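Below you'll find the structure, written out as structure tokens, and then a few comments.
The values are calculated or read from the model by the stated rules, or taken from the named source; none is laboratory data. These numbers were taken from a predicted model, which means no experiment stands behind them. Quick reminder, even Gly has a Cβ in these numbers, built from the backbone with ideal geometry, and neighbours come from all protein chains shown. These accessible areas exclude ligands, DNA and RNA; they are computed on the full protein's heavy atoms, side chains included. Shrake-Rupley method; radii C 1.70, N 1.55, O 1.52, S 1.80 Å.
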Amino acid sequence: MLIFAGVIIEARNIHKRFGTLEVLKGIDLEVAKAEVLAVVGASGAGKTTLLQILGTLSTPDEGSLVIDGTTVFDGSSRSLKGDALASFRGRRIGFVFQAHHLLPEFNAVENVMIPALIAGRPQSEAREDALRLLELTGLSGRLSHKPSELSGGEQQRVAIARALVNSPAVLFADEPTGNLDSATKQEIHRLFFDLRERLGQTVVIVTHDPELAAICDRRIEMKDGRLCL
């Protein structure tokens, strides 16, 4: 049985509205360090909206969010805004989406390096980390290949390595295996747990895949903007 050491995400009373539609209705959620958490539920339940707020891409209308000891939102002057929020997101949050969003003109190493270079890290350091992560994700033999020369699963591995290059506190994944065949899905599923074992990585996954949800440390279900207890 896994024993988690501390809380890395603490969300309290998260509300989000779009016009008159209340999409999130008071979400309370804690995620432990090195936990692999699945968020499931029907389309329209609020999963992606919650992921965007936890990942600091969207701001809640009410509530507070603390990530790795930093108060991101709480409705006060302590909340991160503007450049400070963007800097925090770039350094402490990683994202993987269903679409890979790799830049076609760059090879695998260059694609992984990009977030590190944007963060102002030295090129030599960015390259060293990119090579290490591509080896960790099983792509040491595909370093110079551009996205068009990689399979869908390989492209997703590059996207995962890119999301990890700045050593984020949390990796958020939105339907990360939605476009992959069954065998490749299982490889990517195992990879998330390899990352937890080797890096101590916290992973929060929004998924409709019952197989992926079943093997996560914890599965929470959303319905009509609330967490089902």
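Accessible area ranking (1.4 Å probe, heavy atoms, ligands and nucleic acids excluded), largest first, for HIS208, HIS145: HIS208, HIS145. Straight-line cross-link reach from LYS25 at under 18 Å between alpha-carbon atoms covers these lysines, not counting any fewer than eight positions away in the same chain: LYS16, LYS47, LYS223. The charge dipole of the stretch 141-212, taken about its Cα centre with unit charges on the Cβ of Lys, Arg, Asp and Glu (plus for the first two, minus for the last two), comes to roughly 320 debye. Around the Cα centre of the stretch 15-113, unit charges on the Cβ atoms of Lys, Arg, Asp and Glu (plus for the first two, minus for the last two) sum to a dipole of about 100 debye.
Think of each Lys and Arg Cβ as +1 and each Asp and Glu Cβ as -1; about the Cα centre, that makes the dipole of the chain roughly 320 debye. With just the Cα atoms defining each centre, how far is the stretch 41-115 from the stretch 193-227? Give it in Å. Value for the Cα centre distance between the two parts: 17 Å.
Within the listed set VAL36, VAL66, VAL158, the residue fluctuating most in the Gaussian network model of the chain (springs between alpha-carbon atoms under 10 angstrom) is VAL66. Taking amide H positions as modeled 1.01 Å from N, with prolines and chain starts lacking one, the residues under 5 Å from ARG218 and 5 or more places away or on another chain are VAL36, ALA38. For the chain, excluding the exposed loop sites themselves (trypsin sites (Lys or Arg not before Pro), DSSP loop, at most 15 other Cβ atoms within 10 Å), the longest remaining stretch covers 82-229. Of all the options GLU62, GLU125, GLU110, the one that moves most in a Gaussian network model of the chain with Cα springs shorter than 10 angstrom is GLU125. Taking the Cα atoms only, what angle lies between the long axis of helix 182-199 and the longest principal axis of the chain, rounded to 10 degrees? Helix 182-199 sits at roughly 80 degrees to that axis.
Loop-located GluC sites (Glu not before Pro) in the stretch 169-229 (DSSP state not H, G, I, E or B) with no more than 15 neighbouring Cβ atoms inside 10 Å do not occur. Per-residue ellipticity at 222 nm from helix content only, as computed over the chain with -39500 (n - 2.57) for each DSSP H run of at least four residues, stands at -11000 deg cm²/dmol. For the chain, the longest principal axis of the Cα atoms and the long axis of helix 82-92 meet at an angle of about 60 degrees. Projecting the Cα positions of LEU191, SER144, LEU54 onto the charge dipole of the chain (unit charges on Cβ atoms of Lys, Arg, Asp and Glu, taken about the Cα centre) puts LEU54 furthest along the positive direction. For the chain, the relative contact order works out to 30 percent when only alpha carbon pairs closer than 8 Å and six or more residues apart are counted. With R₀ fixed at 45 Å, the C-beta to C-beta distance from LYS81 to ILE215 puts the FRET efficiency at about 0.75. When all protein chains stay in place and ligands, DNA and RNA are ignored, the 1.4 Å accessible-area order of ILE118, ILE8, largest first, is ILE118, ILE8. Would you please state which residues of the stretch 44-76 a label at LYS33 would reach in this model, taking the label point 7 Å out along Cα→Cβ and a backbone N cut-off of under 17 Å? The answer is 66-71. Computed FRET efficiency, Cβ-Cβ of HIS15 and ALA99, R0 35 Å: what is it to the nearest 0.05? Approximately 0.75, to the nearest 0.05. For LYS146, a cut-off of 20 angstrom between C-alpha atoms picks up these aspartates and glutamates, skipping any fewer than 8 places away in its own chain: GLU105, GLU110, GLU128, ASP129, GLU135, GLU154.
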